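Colleague: The structure is given below, and queries will be raised subsequently.
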Amino acid sequence: MKKLLIVTLLLFSSISLFAQDVLVEAESFDNPGGWLVDPQFVEQMGSPYLNAHGMGKPVKNASTKVNFNKSGSYHIWVRTMNWVPGEWEAPGKFQLKVNEAVLDTVLGTRSGWGWQYAGETKINKKNETHIELVDLTGFNGRCDAIYFSTKKTTPPSSPKKLAAWRQELAAEPNAPEELKTYDLVVVGGGLAGCAAAIAGAEQGLKVALIHDRPVLGGNASEEIRVHTEGIYGNFERILKKIDTKHYPNGSAESKLDQQKRDENVKSYDNIDLFLNWRAYDAISEENSVKYVDARQTFTGERKRFTAPYFVDSTGDGWIGFWAGAEFSYGRESVDTYGEYWEEHGELWSPKEADNAVMGSSVLWGSKDTDSPQSFPEVPWAMPVSKDYAEVNGEWQWEFSRNDLSQIDDAEEIRDHMLRAIYGSFSNAKKDEVNKNRKLEWVSYLVGKRESRRLVGDHIFTFNDAKEGREFPDGVVIEKRAVDVHYQTVLEDEKNPDFISEALFYRGPQYYIPYRSLYSKNISNLFMAGRNFSCSHAGLGGPRVMLTTGQMGAAVGYAASLCKKYEVMPREIYTGYLQEYLDLIEEQKYEKIPTSKK
Ligand SMILES: Cc1cc2nc3c(=O)[nH]c(=O)nc-3n(C[C@H](O)[C@H](O)[C@H](O)COP(=O)(O)OP(=O)(O)OC[C@H]3O[C@@H](n4cnc5c(N)ncnc54)[C@H](O)[C@@H]3O)c2cc1C
């Protein structure tokens, strides 16, 4: 179903009778040209949108065709935003072309997401109407939707009203019509989600893997380009199918392992892979998840996924959040778990709990060329970058602030990083030595480190790592140092606020118990990845991707035993622990039957 809605407005009490309305969702354009579909902030701004991520060079026009039911004069609104309002021209400007005419109005110039009036145009219903988005800057212009109406009534803006209006316009029933049934539904295809799907599938489960990107791997993907660190623990065979080499963060070498990962996951007949599908709700009854609802990010098509067991590997703990799982966010007070480290005092663990978390990053890089390369002036970026000059960005390019949520304010955080990058590169270009430098790659996806942590039967803490505590159900093993980040601006306010520092604690090998991998209060929900059950300081070590991958594999095996005995995740610990540990041990040596691959 294409998200292009044409309605004669007899149905709508809120808008005049006999008006003709057409809503064109930008992400559903026939040809996005150089614009990218950006679904990262759907929960905050309401929809995937088209993003003109040209790194300073205007991108190719996006285009689509529309058939109108009625000829006449139409008013046009475009849902867009100026992502850096201020004393300068908006960075992300664009125009709308309807048939052969480019409308005069420059779009992308209103503060905050909302409808910008674009003008009026004549439509002849006999001809197909061609619409194009004409990018003017290459600096992340945004178009969510285009609305044509014969009446000049601005569509609703508040998130709730807008969602209801869209739903009414699409005549979309409350629940998705198509129901898919599986043994295990895994949401989020980072390393953790991929490993959970593989382990479950190898044990014969019918698995759905729902992932909102076109490629798998989350932060390890070629889209974000973080290399995988940590050890394989008990799950070397599985993790080698999806890991990466140790290339420098941000390196194009990440592409080399992308194909391996995608092909290996696709090779399992009993994994149904839903790429470009984003889960948007989870419905629970009596503390058990019944369904996960998901939407195709381009077309808007919806499906409902049901299963006896679910894995939340979204990083942000979305499934748990929607289902009503207990979760935490921010730093615990030092007394909560006794996570004291004298050397770093408050920076490590505060007296009072607060909202501080490790920040999110946007990786980027430039390259030297044989000829001079220009880069536009970016006055809107300078308040963030100030006089900082750089030509490449590593993991330290990171942003967090206690008044910003890494979930609710993720678009602002991503945009802050874009300003830091474009401004710092522009500063570097002023140096003669960089005259041939070309901005090669800037991710538009925000790489996250920490947000919601779902609460399980055991909360893994820094002390568990520091003391190398052994647990009867210690299924994940890690040796890598614990590292927790802070923004360098906290030490000296003259430091840029987009650069972080890491505090490393090198301790013994440590173990994560199975009890940290299922929800305390949602009986059929597993979690794997950075949203597993841990404290803020406890996350410092296990957040790396081979450790999160181990978590995924561990829950995949647990799910297969849950199915075998028709029990809930907790009962694997209370009643079937030895069999579970034996299963993990056996899979290290036993050849997986080809029927299960
Ligand atoms: C710059 C940077 C440097 C780092 N350095 C390292 C390093 O060197 N080595 C290392 O191993 N780790 C490193 N980390 C940490 C590591 O990348 C993360 O902790 C890890 O990726 C978390 O894994 P995950 O599977 O939980 O989440 P992710 O890797 O974020 O995967 C979750 C995936 O789920 C998808 N998703 C989210 N919500 C939904 C939804 N509703 N529906 C469908 N899909 C959804 C997301 O698109 C995402 O791709 C770094 C992180 C950053 C940002």
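Colleague: With a 1.4 Å probe and all protein chains kept in place, how do R469, R225 rank by accessible area, largest first?
Modeller: In descending accessible area the options line up as R469, R225.
Colleague: Could you give the semi-axes, largest first, of the ellipsoid that matches the stretch 71-163, computed as the square roots of 5 times the alpha carbon gyration tensor eigenvalues and rounded to whole Å? Show your work: numbers first, answer last.
Modeller: Details: eigenvalues 107, 58, 19 Å².
Gyration-tensor ellipsoid for the stretch 71-163: 23, 17, 10 Å.
Colleague: Can you give me the C-alpha center-to-center distance between the stretch 270-304 and the stretch 433-501, rounded to a whole angstrom?
Modeller: So the two Cα centres are separated by 29 Å.
Colleague: Out of the GluC sites (Glu not before Pro) in the stretch 463-520, which ones are loop residues according to DSSP with at most 15 other C-beta atoms within 10 Å? Could you put the intermediate results ahead of the total?
Modeller: Working: sites: E467, E470, E478, E491, E493, E501; in loops: E467, E470, E491, E493.
Here the GluC sites (Glu not before Pro) that fit, given the DSSP loop and packing criteria, are E467, E470, E491, E493.
Colleague: Just the number, please: percent antiparallel of the DSSP beta bridges in the chain, rounded to the nearest 5. Walk me through the numbers before you get to the answer.
Modeller: On the way: 85 of 108 bridges.
Among the beta bridges of the chain, antiparallel pairing accounts for roughly 80 percent.
Colleague: Moving to a separate point now. So what are the ³J(HN,Hα) numbers for the stretch 490-505, from phi and the Karplus equation (6.51, -1.76, 1.60; θ = phi - 60°), rounded to whole Hz, Gly and Pro as x?
Modeller: 3J(HN,Hα) across the stretch 490-505, in whole Hz: 5, 7, 8, 5, 7, 5, x, 7, 9, 10, 10, 9, 10, 9, 9, 10.
Colleague: Between 0 and 90 degrees, rounded to the nearest ten: what's the tilt of helix 545-565 against the longest Cα principal axis of the chain?
Modeller: The two axes meet at around 70 degrees.
Colleague: While we're looking at this one, here's another question. Could you pull the accessible area for V384 with a 1.4 Å probe, rounded to 10 Å²?
Modeller: 20 Å²
Colleague: Now, a different point. Could you name the lysines in cross-link range of K245, using Cα to Cα under 22 Å and dropping any fewer than eight places away on the same chain?
Modeller: K255, K260, K266, K367, K448, K479, K588
Colleague: With a cut-off of at most 13 other beta carbons within 10 Å, and DSSP calling the residue loop, which GluC sites (Glu not before Pro) in the stretch 158-237 qualify? Please list them.
Modeller: Working: sites: E168, E177, E178, E202, E222, E223, E229, E236; in loops: E177, E222, E223, E229.
Qualifying residues, ordered by number: E177.
Colleague: I'd like the orientation of helix 410-429 relative to the chain: the angle between its Cα long axis and the longest Cα principal axis, in ° from 0 to 90, rounded to 10.
Modeller: Between helix and principal axis, roughly 80 degrees.
Colleague: When the convex hull of the Cα atoms of the chain is projected onto a plane and the area is averaged over all directions, what value comes out in nm²? Each step should come with its number before you reach the end.
Modeller: On the way: hull surface 112.7 nm².
Mean projected area of the Cα convex hull: 28.2 nm².
Colleague: Tell me the accessible surface of K65 in square angstrom (1.4 angstrom probe, heavy atoms of protein chains only), to the nearest ten.
Modeller: Roughly 90 Å² of K65 is accessible to a 1.4 Å probe.
Colleague: Quick check: the angle from helix 254-266's long axis to the longest principal axis of the chain, C-alpha only, nearest 10 degrees?
Modeller: 80 degrees
Colleague: Taking each pair of different alpha-carbon atoms in the stretch 385-509 once, compute 1/r for the pair, average those values, and report the inverse of that mean as the Kirkwood hydrodynamic radius in Å to one decimal.
Modeller: Working: mean 1/r = 0.0577 Å⁻¹.
Averaging 1/r across every pair of different Cα atoms and inverting gives 17.3 Å.
Colleague: Out of the stretch 237-307, which GluC sites (Glu not before Pro) are coil in DSSP terms and have no more than 11 other C-beta atoms within 10 Å? Walk me through the intermediate numbers first.
Modeller: Details: sites: E253, E263, E285, E286, E301; in loops: E253, E286, E301.
Taking the stretch 237-307 and a limit of 11 other Cβ atoms within 10 Å, the loop GluC sites (Glu not before Pro) found are E286.
Colleague: Let me have the 222 nm mean residue ellipticity of the chain computed from DSSP H runs of 4+ only, each contributing -39500 (n - 2.57), with the sum over all residues rounded to the nearest 500. Could the numbers behind the result be given before it?
Modeller: Numbers: 15 runs with 132 residues, N = 597.
Calculated mean residue ellipticity at 222 nm is -6000 deg cm²/dmol.
Colleague: Let me ask another. Per residue, how big is the convex hull of the stretch 503-583 when only Cα atoms are used? Give it in Å³.
Modeller: On the way: hull volume 7.9 nm³, N = 81.
Spread over its residues, the Cα hull of the stretch 503-583 gives 98 Å³ apiece.
The values are calculated or read from the model by the stated rules, or taken from the named source; none is laboratory data. Source: prediction; values computed, not measured. FYI the Cβ positions are ideal-geometry reconstructions off the backbone, even for glycines, and counts take in every protein chain you see. Quick note on the areas: whole protein, heavy atoms, side chains included, nothing else; ligands and nucleic acids left out. Shrake-Rupley method; radii C 1.70, N 1.55, O 1.52, S 1.80 Å.
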